[in-house]
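The values are calculated or read from the model by the stated rules, or taken from the named source; none is laboratory data. Here the structure is a predicted model, which means the values were calculated and not measured. A quick note on method: Cβ atoms are made from the backbone with ideal geometry, for glycine too, and the neighbour counts reach across all protein chains shown.
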Amino acid sequence: MQQEKSTQIKLVTTNEALVLLKAALDETPLIGLDIETAYWWDKTAERISIIQIGIPSQNSLDVWIIDCFSSLDLSSLQQIFLNNNILKVIHNASFDVNKLRKLANIIVENVFDTMLAARRAGERGCSLATLAMRHLGIELDKKHQRSNWATRPLSQEQLDYAAKDVVIALMLYEKANNSGLSGEYNRQSRFAYNEERPVVTAFEQPVRNLCAPIPANQAASQALIKIVTQFPGRYTPQSLSHCLGRERGGLAGYIVDKAISKEAFVDYKEALTIISELIAKGYLIDRAYRLSVGQIASKQLTQF
């Protein structure tokens, strides 16, 4: 079992405290980063409640918790988050990086995603709690994950929970880094960063060439069918196409990695074309923008 470092929580509610945090960040090459959002169930009202930043030293770890409901000027942090000389360790970066950009207009670069590192190593079950138990022997209590992060003052239990997530992410990074695992996260993901996503009409109108053969990228087609077979009705065409892109995640990403290799990716529009043709050939059925396995799929899967 890996030992946790002594942790000190520092709550940032004033611009004076933010200046102290900025000074500490200027002196470190590595930070842990996490956020908690309030009103997460309403996309029109969702806000970032707190930003947790862990700054490790040899024997201790300071976790600065920024109260985003305070009157703070966070513009000074943008320079830090863009600094490629500072590595930002995040678990499930596609969530945190995306929310920071959309809700706080903060761009984060040079990210190591501990979830991606585990998935790229072929692991299944890559939640923070699962990896903490599997690799560190630490049991995480996630009951505060969906607590009310809009309440003020935040309880000590909420602060402890928020700090713990950063501590565990940094511990997982240390283990992954020592094992030579890659957790590089590319923020240029089409799915995550294009505000204007391509308008998909192939699923609202008949596919033009119903006699077209299954695409040449048959490994990708196989992977998509396998995902929908295991999780019928979970994916839309758009979300399924993301599974073929650069930032594949979760078990679906693991399936695709095994089919077309970890390095390969399919362009978003090409992925939509593949899905369109699979639907046209009867392998997938799009019902109310949720994909299910077509009636002929079980008989013809062996043709791939």
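Under the condition of being at positive phi and either in a helix (DSSP H, G or I) or surrounded by 16 or more Cβ atoms within 10 Å (Cβ to Cβ) (or both), the residues counted in the stretch 89-139 number 1. For the stretch 26-46, a tally of residues being under 19 Å from Asp165 (Cα atoms) and of a type outside the set (Ser, Thr, Tyr) returns 9. The listed residues are Leu11, Leu33, and the only one of them that is assigned to a strand (DSSP E or B) and surrounded by fewer than 19 Cβ atoms within 10 Å (Cβ to Cβ) turns out to be Leu11. Among the numbered conditions (1) touching a Lys or Arg at 6+ places or on another chain (Cβ under 7 Å); (2) not in a strand (DSSP E or B), the only one that Trp41 does not meet is (1).
Take the conditions (1) of a type outside the set (D, E, K, R); (2) assigned to a loop (DSSP other than H, G, I, E, B); (3) modelled with pLDDT of 95 or more; Ile51 misses just one of them, which is (2).
For Ile227, are the conditions met, namely being touching a helix residue (DSSP H, G or I) at 6+ places or on another chain (Cβ under 6 Å), farther than 19 Å from Arg287 by Cβ and either modelled with pLDDT of 80 or more or not polar (S, T, N, Q) (or both)? Considered against the rule, which asks whether it is touching a helix residue (DSSP H, G or I) at 6+ places or on another chain (Cβ under 6 Å), farther than 19 Å from Arg287 by Cβ and either modelled with pLDDT of 80 or more or not polar (S, T, N, Q) (or both), Ile227 comes out as no.
Yes or no: Ala150 assigned to a loop (DSSP other than H, G, I, E, B) and either modelled with pLDDT under 85 or not assigned by TED's automatic domain parsing to the domain that holds Phe69 (or both)?
Details: assigned to a loop (DSSP other than H, G, I, E, B): yes; either modelled with pLDDT under 85 or not assigned by TED's automatic domain parsing to the domain that holds Phe69 (or both): no.
Here the answer is no, as Ala150 does not meet what is asked.
Here Leu61 meets each of (1) surrounded by 11 or more Cβ atoms within 10 Å (Cβ to Cβ); (2) touching a residue at least 40 places away in the same chain (Cβ under 8 Å); (3) over 25 Å from the mean Cα position of the chain (by Cα) with one exception, condition (3).
Of the helices (runs of 4 or more DSSP H) lying entirely inside the stretch 242-304, those containing at least 2 residues that are at pLDDT 80 or above and surrounded by fewer than 20 Cβ atoms within 10 Å (Cβ to Cβ) span 250-260, 268-280. Screening the stretch 216-230 for residues that are of a type in the set (A, V, I, L, M, F, W, C) and free of Cβ contacts under 8 Å to residues at least 60 places away in the same chain and picking the one that is surrounded by the most Cβ atoms within 10 Å (Cβ to Cβ) gives Ala223. Those residues that are in contact with a His (Cβ under 6 Å, 6 or more places away or on another chain), without any contact (Cβ under 8 Å) to a residue 60 or more places away in the chain and of a type in the set (A, V, I, L, M, F, W, C), I need them from the stretch 115-171; list them, please. Matches in the stretch 115-171: Leu128 only. Please tell me if Ile90 is β-branched (Val, Ile, Thr), within 24 Å of Leu20 (Cα to Cα), in contact with a strand residue (DSSP E or B) (Cβ under 7 Å, 6 or more places away or on another chain) and assigned by TED's automatic domain parsing to the domain that holds Ile168. In short, yes. For the stretch 186-204, indicate whether the set of residues that are within 30 Å of Ala45 (Cα to Cα), surrounded by 14 or more Cβ atoms within 10 Å (Cβ to Cβ), modelled with pLDDT of 95 or more and touching a Ser or Thr at 6+ places or on another chain (Cβ under 6 Å) is non-empty. For the stretch 186-204, residues within 30 Å of Ala45 (Cα to Cα), surrounded by 14 or more Cβ atoms within 10 Å (Cβ to Cβ), modelled with pLDDT of 95 or more and touching a Ser or Thr at 6+ places or on another chain (Cβ under 6 Å): absent. Checked against (1) surrounded by 21 or more Cβ atoms within 10 Å (Cβ to Cβ); (2) within 20 Å of the chain's Cα centre (by Cα), Ile66 meets all criteria but (2).
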